[in-house]
Amino acid sequence: MDQIVSHFLSKLEFGEVKIFNNMGVLPLFTSIDQSSQYLTLKEAFEKRLLTITEVNQSGSVPELKVVNKAEIPVLLLDGEELTGAKQNRVLNTTILLKENSETIIPVSCTEQGRWAYATPAFGESGNIMSHNLRAKKASSVHQTLKEGMSYRGNQGEVWDGIAFCRKAANVDSQTGAMRDAFESKEDDLKGYLDAFQYVLHQKGIFVMLNGKVAGFDILSLSSAYEIIHPKLLKSYAM
């Protein structure tokens, strides 16, 4: 696996840097094009090939049930938010769902003040958790894995991070929802989306904030990346 990752990274190519406000972005490309096909969360929902629900009628905060009815895998990206059911959640890790499968997935809550059905099943919020909180969540998940447990994050840390995000955005939310912070900044975020538009054949994004490296994300398929590109930009911009 290490050799595969090293080979993939060695083939990365950087596009032209663009800057908007305090954020700099370089598109990422790679000549490696041997990946199997898969659908993104958005595509699978739009094609009605994916159903995500509570694990049972009572529900369980750190778990959800996913049924993939597609003939190909579906990619769920770490930090992608799901809305509806008993409370909004985010993915705790990146998962490639097997075709025609049923899977229990690990999640964290992003809506502390609600535990009641809004809809029978989940939909896509169009957001990925802000990059700094996503990194903290990934660190806590990694720690639980080291301890031989499951892909669980630190739920209290997630709620504290969302509360900080809402405070910074000057947003009140009856249910403490992360989504409310994103929606309140929709006009500001549009400026970043316009400044850093998808580039043909792009497969990833390398981001700097205030002149320092913030992180990067890359997918194996440019067609999949194009769909996820706006959500990743908003994640870093928040």
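The values are calculated or read from the model by the stated rules, or taken from the named source; none is laboratory data. All of these numbers come straight from a predicted model, not from anything done at the bench. Cβ atoms come from the backbone with ideal geometry, glycine included; neighbour counts cover every protein chain shown. With ligands, DNA and RNA removed, areas are computed over all heavy atoms of the protein, side chains included. Shrake-Rupley method; radii C 1.70, N 1.55, O 1.52, S 1.80 Å.
Looking only at residues in segment 196-223 that are open to solvent by less than 30 Å² (accessible area, probe 1.4 Å), aliphatic (A, V, I, L, M) and more than 13 Å from the chain's Cα centre (by Cα), which one is farthest from residue 37 (Cα to Cα)? First the steps, then the outcome.
Going through segment 196-223, the residues open to solvent by less than 30 Å² (accessible area, probe 1.4 Å) turn out to be 196, 202-205, 207, 215, 217, 219, 221.
With aliphatic (A, V, I, L, M) added as a condition, the list becomes 205, 207, 219, 221.
Cutting the leftovers down to more than 13 Å from the chain's Cα centre (by Cα) gives us 205, 207, 221.
Working: 205: 20, 207: 26, 221: 8 Å.
Checked segment 196-223; the qualifying residue farthest from residue 37 (Cα to Cα) is 207.
When segment 18-37 is examined, which residues are found to be open to solvent by 30 Å² or more (accessible area, probe 1.4 Å), in a strand (DSSP E or B) and within 14 Å of residue 222 (Cβ to Cβ)?
Correct list: 29 only.
So if I check each of 191, 156, 161, which one is closer than 22 Å to residue 92 by Cβ, assigned to a helix (DSSP H, G or I) and touching a residue at least 24 places away in the same chain (Cβ under 8 Å)? Reasoning before the result, please.
Numbers: 191 fails: closer than 22 Å to residue 92 by Cβ; 156 fails: touching a residue at least 24 places away in the same chain (Cβ under 8 Å).
Selected residue: 161, the only one of 191, 156, 161 that is closer than 22 Å to residue 92 by Cβ, assigned to a helix (DSSP H, G or I) and touching a residue at least 24 places away in the same chain (Cβ under 8 Å).
Scan segment 106-148 for residues that are within 28 Å of residue 190 (Cα to Cα), open to solvent by 20 Å² or more (accessible area, probe 1.4 Å) and among the basic types (Lys, Arg) and report the count.
2
Give the number of residues within segment 38-54 that are among the polar types (S, T, N, Q) and either part of a loop (DSSP other than H, G, I, E, B) or modelled with pLDDT under 95 (or both).
Kept after step one, since they are among the polar types (S, T, N, Q), are these residues of segment 38-54: 40, 51, 53.
Those still in the list that are either part of a loop (DSSP other than H, G, I, E, B) or modelled with pLDDT under 95 (or both) too: none.
Of the residues in that region, 0 qualify.
Please find, within segment 224-238, the residue that is surrounded by the fewest Cβ atoms within 10 Å (Cβ to Cβ) out of those that are under 17 Å from residue 33 (Cβ atoms) and not hydroxyl-bearing (Ser, Thr, Tyr).
Just the residues of segment 224-238 that are under 17 Å from residue 33 (Cβ atoms), to begin with: 224-226.
Now restrict to residues that are not hydroxyl-bearing (Ser, Thr, Tyr): 224, 226.
On the way: 224: 21, 226: 17.
The residue in question is 226.
Name the single residue, out of those in segment 39-82 being over 18 Å from residue 228 (Cα atoms) and of a type in the set (Ser, Thr, Tyr), that is surrounded by the most Cβ atoms within 10 Å (Cβ to Cβ).
Checked segment 39-82; the qualifying residue surrounded by the most Cβ atoms within 10 Å (Cβ to Cβ) is 53.
Quick check on segment 164-184: of everything there that is part of a helix (DSSP H, G or I) and in contact (Cβ under 8 Å) with a residue 40 or more places away in the chain, which residue is most open to solvent (accessible area, probe 1.4 Å)? Before the answer, list the steps.
Residues of segment 164-184 part of a helix (DSSP H, G or I): 164-168, 178-184.
Subset that is in contact (Cβ under 8 Å) with a residue 40 or more places away in the chain: 165, 178-179, 181-182.
Working: 165: 21, 178: 6, 179: 78, 181: 1, 182: 7 Å².
So, considering only residues that are part of a helix (DSSP H, G or I) and in contact (Cβ under 8 Å) with a residue 40 or more places away in the chain, the one most open to solvent (accessible area, probe 1.4 Å) is 179.
Could you tell me how many of the residues in segment 207-222 are outside any strand (DSSP E or B) and more than 17 Å from residue 196 (Cα to Cα)? Please lay out each step first, then the result.
Within segment 207-222, the subset outside any strand (DSSP E or B) is 210-211, 219-222.
Imposing the further condition that a residue be more than 17 Å from residue 196 (Cα to Cα) reduces the set to 219-221.
Adding up the residues that qualify gives 3.
For segment 88-105, give me each residue that is of a type outside the set (Lys, Arg), surrounded by fewer than 23 Cβ atoms within 10 Å (Cβ to Cβ) and assigned to a loop (DSSP other than H, G, I, E, B). Explain how you work it out, then say what you get.
In the first step, residues of segment 88-105 are kept if they are of a type outside the set (Lys, Arg); the result is 88, 90-97, 99-105.
From the residues that got through so far, the ones that are surrounded by fewer than 23 Cβ atoms within 10 Å (Cβ to Cβ) too are 93-96, 99-105.
Within segment 88-105, 93, 94, 99, 100 qualify.
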